[in-house]
Amino acid sequence: MAPRLEELRAVPGLSVAALLGADGLTLATVGEGAELLAAELSGLSSALNRLDRRLGVGEVSRLAFTTANLEVITLSRGGYTLAAALMRGTDTQAAQQLMARLMEDALDQLPPQFSDDQDAQGAAV
């Protein structure tokens, strides 16, 4: 059963949110157009995984960026990625705290995932 992200609807300024597995498939969404965020996030996650493998910088666990209209926050742990897009200018602290808790809930509910650079045993290749 996929975790529910409905609690994020209460975050002021939330536009959309999505939870993805290591395979890039969308597990849960909130908000109209969240599938678009999920699709772009999948590509971004792949690029960050390549950065880790090629440069040995370690796993990116948090990424935030700002566009002309949005503040986008992503958290990655255990092969899962959770992202939320909020209206630009919104204080993101409450969203980040809630996302951290929701990520913990997801890790408790879902089976372990492995990124491209890990084998089925969870060890680096």
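In what order do Asp108, Asp91, Asp52 fall by count of nearby beta-carbon atoms within 10 Å, going from fewest to most? Can you show the working numbers first?
Numbers: Asp108 8, Asp91 12, Asp52 16.
Taking fewest neighbouring Cβ atoms as first place, the list is Asp108, Asp91, Asp52.
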Next item on the list: Using amide H atoms built 1.01 Å from N in the peptide plane, name the residues 5+ places from Val16, or on other chains, whose amide H lies under 5 Å from its own.
Entry: Ala85
Item checked: Net charge over other residues, Cβ less than 10 angstrom from the Cβ of Glu71 (K, R count +1; D, E count -1) -> 0
Check: Using 7 Å Cα-to-Cβ label points, what is the Ser46/Glu6 separation (nm, one decimal)?
Finding: 3.3
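Read the figures in this text as sums done on the coordinates, not as results from a lab. Keep in mind the model is a prediction, meaning the values are calculated, not measured. Don't worry about glycine lacking a Cβ; one is built from the backbone with ideal geometry, like all the others, and counts go over all protein chains shown.
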